[in-house]
Number of protein chains: 2
Amino acid sequence: MDAAEAVEVIQHEMTAFARRARASAGRMHPELSLVSYTLLGHLEESGGCRATDLAAHYALDKSTVSRQVSALERAGLVGRHPDPDDHRVQTLQLTDAGREILAQVTRSRRVAFRERLADWPEEDLTRFAAYLERYNAGTAAD
Amino acid sequence: MDAAEAVEVIQHEMTAFARRARASAGRMHPELSLVSYTLLGHLEESGGCRATDLAAHYALDKSTVSRQVSALERAGLVGRHPDPDDHRVQTLQLTDAGREILAQVTRSRRVAFRERLADWPEEDLTRFAAYLERYNAGTAAD
DNA sequence: CGGGTCAAGTTGTACTGTGCAACCAGGTGA
DNA sequence: TCACCTGGTTGCACAGTACAACTTGACCCG
């Protein structure tokens, strides 16, 4: 396989993967869409941020984020904390329930991934992980 | 990085990638959605098949495929050819216009991929490609 | 200070992709 | 023949998304 072929394969496989990801995510975790999962994850990592930050980070419209956040709030998974300095701003934070669900989904995702990767030698795993990081780093939004 | 960490990273990066793929695909090729592109691609590869085959292959509902195909037909990109042996069946085939558009999108996707992967050494490209193939092979539907 | 402008977020509207269920039409086998 | 199977379409509902208009609050400059 030369470089040109490899690029073809990478393109093909990434496309195939992308097409499937949403559907399988929906099937595996009906309680949390891929977007919700991502937003919750970001809140956990960042320790709380504004809706606008989420929109910018994931290249989503602010209205989309607004609605997603509303849903997550209705579900009791995130809380809004008005910023005392700037009354336009509300900081979003995971609730305990949100943290719990997130952990649960992460756990089950992890199990699925581990299973799928069970027969990979460690060396291949680390190399594959590094490649993915490198590949994704070449994109604007995380 | 040990195996457990690598699995975490792979999970994280694949999730990130999946989340972004649709949006960027939509932005890059407004003339052809990711699904349409995939279906067209399959028709090209297979040299024509039935709607049911597409549904099975991509784990989509037959109604979804039916609508997508209708749209592609309206756009003049695929043609339906009734099966003379079984009047329930219609074989779908790319039209010349469909082949043209598909080639065009494939070309521009390829350029984008090449660009993103331009500074990768050939050895890394081929290894990454192999890993992706291996990873995706572990799933039911292509 | 006051008015213009900018920023955060919400809401109305529309569109796409999707699945499920009901249905139709054509084939198949007991 | 009649019951059942199969390929496909259509009606309906819903999620996720964007865009545009709007509200509210902050900020800056004259």
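The values are calculated or read from the model by the stated rules, or taken from the named source; none is laboratory data. All values reported here derive from a predicted model rather than from experimental measurement. Cβ coordinates were reconstructed from backbone atoms using ideal geometry, including for glycine residues, and neighbour counts include every protein chain displayed. Only protein heavy atoms, including side chains, enter the accessible area calculation; ligands, DNA and RNA are left aside. Shrake-Rupley method; radii C 1.70, N 1.55, O 1.52, S 1.80 Å.
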Query raised in the report: Say we look at region B:75-89 and pick out the residues that are assigned to a loop (DSSP other than H, G, I, E, B) and near DNA strand C (Cβ under 10 Å from one of its atoms); which of these is nearest to the other protein chains (Cβ to nearest Cβ)?
Result: B:Val89
Report task. Of the conditions (1) among the aliphatic types (A, V, I, L, M); (2) closer than 28 Å to B:Ala118 by Cα; (3) part of a loop (DSSP other than H, G, I, E, B), A:Ala4 clears all except one; give me its number. Result -> (3)
Query raised in the report: Does A:Gln93 satisfy the condition of being within 18 Å of B:Ala16 (Cα to Cα) and either acidic (Asp, Glu) or open to solvent by 30 Å² or more (accessible area, probe 1.4 Å) (or both)?
Result: no
Query raised in the report: Which residue out of A:Leu92, A:Leu43, A:Leu72 is over 30 Å from B:Asn136 (Cβ atoms), at pLDDT 95 or above and assigned to a strand (DSSP E or B)?
Result: A:Leu92
Query raised in the report: Between a first residue in region A:104-118 that is closer than 15 Å to A:Leu40 by Cβ and a second residue that is of a type in the set (Phe, Trp, Tyr) and surrounded by 15 or more Cβ atoms within 10 Å (Cβ to Cβ), which pairs have beta carbons less than 6 Å apart while being 6 or more apart in sequence or on different chains?
Result: A:Val105/A:Tyr37
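Being touching a residue at least 12 places away in the same chain (Cβ under 8 Å) and either of a type in the set (A, V, I, L, M) or touching a helix residue (DSSP H, G or I) at 6+ places or on another chain (Cβ under 8 Å) (or both) is true for just one of A:Ala25, A:Ala6. Which residue is that?
A:Ala25
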Requested in this report: Please verify whether region B:115-123 includes one or more residues that are within 10 Å of another protein chain (Cβ to nearest Cβ), in a helix (DSSP H, G or I) and either loosely packed, with under 12 Cβ neighbours inside 10 Å or within 12 Å of DNA strand C (Cβ to nearest atom) (or both).
Outcome: yes
Report task. For residues that are buried (at least 16 other Cβ atoms within 10 Å of the Cβ) and within 11 Å of DNA strand C (Cβ to nearest atom), scanning just region A:22-47, find the one that is nearest to A:Ser63 (Cα to Cα). Result -> A:Arg22
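Test of understanding: among B:Val111, B:Val105, which residue is under 24 Å from A:Val9 (Cβ atoms) and open to solvent by 70 Å² or more (accessible area, probe 1.4 Å)?
Residue meeting the stated conditions: B:Val111.
Anything in region A:58-69 that is hydroxyl-bearing (Ser, Thr, Tyr), modelled with pLDDT of 95 or more and closer than 18 Å to A:Gly41 by Cβ? List them, or say none. I'd like the intermediate steps shown before the answer.
Going residue by residue through region A:58-69, those that are hydroxyl-bearing (Ser, Thr, Tyr) are A:58, A:63-64, A:66.
Narrowing the set further to residues that are modelled with pLDDT of 95 or more leaves A:63-64, A:66.
A:Thr64, the sole residue that qualifies.
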**Report entry** A:Val7 being within 21 Å of B:Phe17 (Cβ to Cβ), away from DNA strand C (no atom under 16 Å from the Cβ), modelled with pLDDT under 90 and open to solvent by less than 40 Å² (accessible area, probe 1.4 Å)
**Finding:** yes
Report summary line: Reported set for region B:75-90 where residues are more than 16 Å from B:Val35 (Cα to Cα) and either of a type outside the set (S, T, N, Q) or exposed (fewer than 14 other Cβ atoms within 10 Å of the Cβ) (or both) is B:Gly76, B:Gly79, B:Arg80, B:His81, B:Pro82, B:Asp83, B:Pro84, B:Asp85, B:Asp86, B:His87, B:Arg88, B:Val89
